[in-house]
Each structure stands twice: as structure tokens, then as C-alpha cells.
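For reference, the structure is listed below as C-alpha cells.
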Amino acid sequence: MEKGFYKLPELPYGLDSLEPVISETQLGIHYTKHHKSYVEKANEILGILDSIASDESSERPDIGILYRKLTFNVGGIVLHNLYWKSMRSPGGENIPSSNLMEIIERNFGSLHSLKMQFSELAVNIEGSGWAVIFHCTMTGRLLIAPIQSHNLNIYPGFKPVLALDMWEHAYYLDYKNDKKGYIQKFWEIANWDQLEKDLGQAAVS
């Protein structure tokens, strides 16, 4: 079977569709520069690994460094793919369905409590990272976790269902150093329907 490579996915909306929460300029740079760069760098590393597999020479690059770089870039791809899906165009009443609300209330007490916990975790992320909601496949719970850089080894094997990018390149053009303002506005465009879809038919306690 032919080996595959990563692709930059199409956005689920236009570059101006998240305004005024996220500007067309901010979204465009984030998507066409940063996300695209992770795809290109990951594919470059896959090319090197393919060369190693077919090369009989004794000279090899540092495999540990190579795979660490691959992990970083693939983590960036996975998280950005989810981040774009975690948002929708602003407008109308943006609340979870009754089914999802019931799940949220069982796990966090209330939607307000979920937003409070998630926002507090996100604003306190130091440096570059993410705030993510995971579905824990072992307990059926929804859990919130910070991710440093693109490290997806937190809650290994658990499915991320909503992600907020807290790297400065995600918000600085629009919000400067106002991380709290960026997080608060995120709730206006949080895509609850996509979160519920990603949970699928999994049993969530």
C-alpha cells in the first residue's frame, strides 16, 4: 500500500466567518502560515524516514530528534484540525442541545461551571499550549486538560472533543495580551453541535 502524507484540510467556513470574534486577518495567518507549516514540516520528516527505510548506508540522522519533531508537528496538525471544528459562525443563541446539556451537567454541574473551569485553566496556561476537553474512554467522563506545546500524551488514548488554541499566534493580532478577553469571546462561537457529534454514541457518564 502506498504510504500517505498529511494534508492541510479545508476550513469548515470562510476566513471572515468568525468575525468579529476572530478577524479574517488573524484567522488567515493562523491557517495559511502556522497550520500549513506543521503539515509541511511533518511531511518533510516523513520523507526523511522513507529515505532511511530504503537506504542501506550506515549514516543516519538522530532518530530521537527526528521523531520528537514529527510528534510536535503531528500534534499541531491534530489539534488545529480540532480547533477549526470547535468554532462556528457567531449569531443566534449558542447553547448545547438538551442531550449535550444533560451530559455537561452530569460531568461539571452546569454549563456555567464548565465554562468557568475551562476558562480558568486556559488563562493560566504558561507560554504556548492548549485547553482541551477530552472524552475519557475508561470512565466515560468528560475531562479538561492543559496541553503544553502540542504534547498529546496527556490522557493517552482519550478522544479530544473541543480545543482552544492558547498560543499567542492564535489571538495576538485581535486581542494583544488580553488572553481572558479571547477566552470569553470564544464561548460565543464554541461549536457545541460538533462536540456532541464527536462524542457520537459513546457512553458518557
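Coordinate-derived values only; no laboratory data. As the structure is a prediction and not an experimental result, all values here were calculated from the model. Note: ideal-geometry Cβ built from the backbone for every residue, glycine included; neighbour counts use all protein chains shown.
Overview of results
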| item | result |
| --- | --- |
| Separation of the residue 5 and residue 105 label points, Cα + 7 Å toward Cβ, nm | 5.1 |
| Within the range 1-42, backbone nitrogen closer than 16 Å to the virtual label 7 Å beyond the Cα of residue 49 toward Cβ | 1-7, 38-42 |
| Cα pair distances in the chain, grouped into 5 Å bins until the bin that holds the longest one, percent each | 1, 7, 14, 18, 19, 15, 11, 7, 4, 2, 1, 0, 0 |
| Across 115/185; 3/69; 3/85, pairs whose alpha-carbon gap is larger than 22 Å | 3/85 |
| Computed magnitude of the charge dipole of the chain (debye, nearest 20; Cβ of K, R +1, Cβ of D, E -1) | 360 |
| Residue 178-residue 138 FRET efficiency (beta carbon distance; Förster radius 30 Å; 0.05 resolution) | 0.20 |
| Reciprocal of mean inverse Cα separation for the range 1-108 (Kirkwood radius, Å) | 17.0 |
| Three-way shape label, the range 92-176, alpha-carbon gyration tensor, a/c 1.5 | oblate |
| Mean separation of Cα contacts under 8 Å (6+ apart) over length of the range 22-205, as relative contact order % | 27 |
| Paramagnetic reach from residue 78 (point 7 Å along Cα→Cβ, amide N under 13 Å) across the range 116-147 | 134-135, 147 |
| Nearby aspartates and glutamates by direct alpha-carbon distance to residue 176 (threshold 13 angstrom, same-chain neighbours under 8 apart not counted) | 168 |
